[in-house]
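Engineer: One structure follows; several queries about it will come next.
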Amino acid sequence: MSSALISIGHAFLNQNNYDQSFGYYRGALKMQQNLYPPDHIYISYSFNSIGNLLREKKTFDEAIQYQQQALAIQKTYYPLGHSSIIFTLELIGDIYQDQRNANETLSYYQQAFEMRKNLYPVNSTKIVSGLINIGNILNAQNKFDQALEFYHRAFNKDH
């Protein structure tokens, strides 16, 4: 039932109806917190959803807090390097990028990339996009030589 509430929240978020979306996400979270232990993986899904909503609202600090809570649960539930952990690391990096905090963005993107290298084949588009994301942040920091290294690695698929 909480997954239905999250789905309704997603639909409202897609319509930019943040208040309605938040209400459904909070309802799902409360339901999950009543049914499951505090570190249950379903709770992390609600934290991810609320964090994404807050990012859309440009409430970045609070969005990071929710994503960090999701990440903490995921790290206890999944093995390190699981795709959900990678996804959340990238979401946190995206929020820092929205804040124009290149150092934090780079840190989270690099963590995600290191995990991706162990999860996907060398020629995977997920590996290539990770290299390009890191290159873009380095480029924005005027670290052109380092950025070019990542772009070349993406092009050559030599990771």
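The values are calculated or read from the model by the stated rules, or taken from the named source; none is laboratory data. Because the structure is predicted, anything quoted here is derived from the model rather than measured. Glycine also receives a Cβ, built like all others from the backbone with ideal geometry; neighbour counts cover every protein chain displayed. When the accessible area is computed, the model is the full protein with side chains, heavy atoms only, and any ligands, DNA or RNA have been set aside. Shrake-Rupley method; radii C 1.70, N 1.55, O 1.52, S 1.80 Å.
Engineer: Relative to the longest principal axis of the chain, what angle (0 to 90°, nearest 10) does the C-alpha long axis of helix 60-77 take?
Structural biologist: Compared with the principal axis, the helix lies near 90 degrees.
Engineer: So for the chain, averaging the separation of alpha carbon pairs under 8 Å that are six or more residues apart and normalising by length, what relative contact order in percent results?
Structural biologist: 13 percent
Engineer: Hey, another quick one. Using the Cα centre as the reference, give the magnitude of the dipole from point charges on the C-beta atoms of segment 1-128 (Lys, Arg: +1; Asp, Glu: -1; all else neutral), rounded to the nearest 20 debye.
Structural biologist: The calculated dipole for segment 1-128 is roughly 180 debye.
Engineer: To continue, here is another question. If eta is 0.692 mPa s and T is 37 °C, what Stokes-Einstein diffusion coefficient results for segment 1-63, Kirkwood Rh from Cα pairs, in µm²/s?
Structural biologist: Result for D is 288 µm²/s.
Engineer: Right, another one. Go through V122, V128 and list them by solvent-accessible area, largest first, probe radius 1.4 Å.
Structural biologist: Heavy-atom accessible area, descending, gives V122, V128.
Engineer: Helix 18-35 against the longest principal axis of the chain: what's the angle in degrees, Cα atoms only, rounded to the nearest 10?
Structural biologist: 70 degrees
Engineer: Taking the chain as a Gaussian network, Cα atoms linked when under 10 Å apart, which of Y24, Y78, Y66 shows the biggest mean-square fluctuation?
Structural biologist: Y78
Engineer: From the helices alone, meaning DSSP H stretches of at least four residues, give me the mean residue ellipticity at 222 nm for the chain, per-run term -39500 (n - 2.57), in deg cm²/dmol to the nearest 500.
Structural biologist: Result for the chain: -26500 deg cm²/dmol, rounded to the nearest 500.
Engineer: Related question: Ignoring ligands, DNA and RNA, please state the percent of accessible area on the chain from carbon and sulfur, probe 1.4 Å.
Structural biologist: C and S atoms contribute 49 percent here.
Engineer: I've got another one for you. Just the accessible area for H82, please: 1.4 Å probe, Å², rounded to the nearest 10?
Structural biologist: 50 Å²
Engineer: What is the packing order of peptides 56-65, 104-113, taking the mean over residues of other C-beta atoms within 10 Å and listing the highest first?
Structural biologist: By packing density, highest mean first, the sequence is 104-113, 56-65.
Engineer: Further question: Projected area of the chain, taken from the Cα convex hull and averaged over every viewing direction, in nm²?
Structural biologist: Computing the convex hull of the Cα atoms and averaging its projections yields 9.5 nm².
Engineer: For the Cα atoms of the chain, what angle does the longest principal axis make with the long axis of helix 83-98, in degrees from 0 to 90, nearest 10?
Structural biologist: 80 degrees
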